[in-house]
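Chemist: Sharing a structure below in structure tokens format, with a few things to ask.
The values are calculated or read from the model by the stated rules, or taken from the named source; none is laboratory data. Predicted, not measured: the structure shown is a model, and the values here were computed from it. Neighbour counts run over all protein chains shown; Cβ positions are idealised from the backbone, glycine included. Calculation scope for accessible area: heavy atoms of the full protein, side chains included, ligands and nucleic acids excluded. Shrake-Rupley method; radii C 1.70, N 1.55, O 1.52, S 1.80 Å.
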Amino acid sequence: MNDLGVEAPIKSVGNSTTTPRDLVNNEDVRLVLYLLAESVSERLRRNGFEGQLVSVYVRDTALMGVHRQKRLATATNISAEIAAAAFYVFRELYRWEKPIRSIGLSVGALQAEHCPRQLSLFVNERQRERQMLADRMVSAIRSRYGYFSVQRGIMYEDKYLSSLNASAEDHMIHPHSYLEHGNRSGCETALIAKGR
């Protein structure tokens, strides 16, 4: 539902990418998930949504795909929260038998950004407000000076991987749920191979 009480026109917001090089360790994946989370977060805010379901899809160099999701305690459009949840999902999902060729991240179970919600004793709301403000400032700077004008410190760990512009149109998943009607990313093959 959005502010007008009308059902959301989209079921999830997501990005996926074939990375500039194969990902070979958790730090590679963490960096790329931050890139994807920033883009997903910005698109959620631009459309006035936050979501509670974080999904990660991984395809290895043998083109086998796996997918898992996690429901968050609180709906969010904060890039750091989305990235942290996605990295948690990834570590539960992937066992590093092969390098990773492509990775996707989506946020579903969308609701209007300013929907009333139950506050938690275990969540620092002031910290969340600061993170939301920081995300908005980064979006404003990038819209004026370009995507690479502001980068997280993690992006300097691997400048080659960080050269990926996750906000580019060809990395976005439009406009249906992540696996609705297949995403032509190899997941269908993996599910058939597992007998599903």
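Chemist: What number goes with the only condition from (1) open to solvent by 30 Å² or more (accessible area, probe 1.4 Å); (2) modelled with pLDDT of 80 or more; (3) more than 22 Å from Ser12 (Cα to Cα) that Ile100 does not pass?
Modeler: Result: Ile100 passes all but (1).
Chemist: Within region 10-68, track down each residue that is out of contact with any Ser or Thr (no Cβ under 7 Å at 6 or more places or on another chain), more than 22 Å from Leu133 (Cα to Cα), of a type in the set (Val, Ile, Thr) and open to solvent by less than 20 Å² (accessible area, probe 1.4 Å).
Modeler: Val29, Val56, Val58
Chemist: Quick one: which residue in Glu97, Glu81 is farther than 27 Å from Gln111 by Cβ and not β-branched (Val, Ile, Thr)?
Modeler: Every option except Glu97 fails the conditions.
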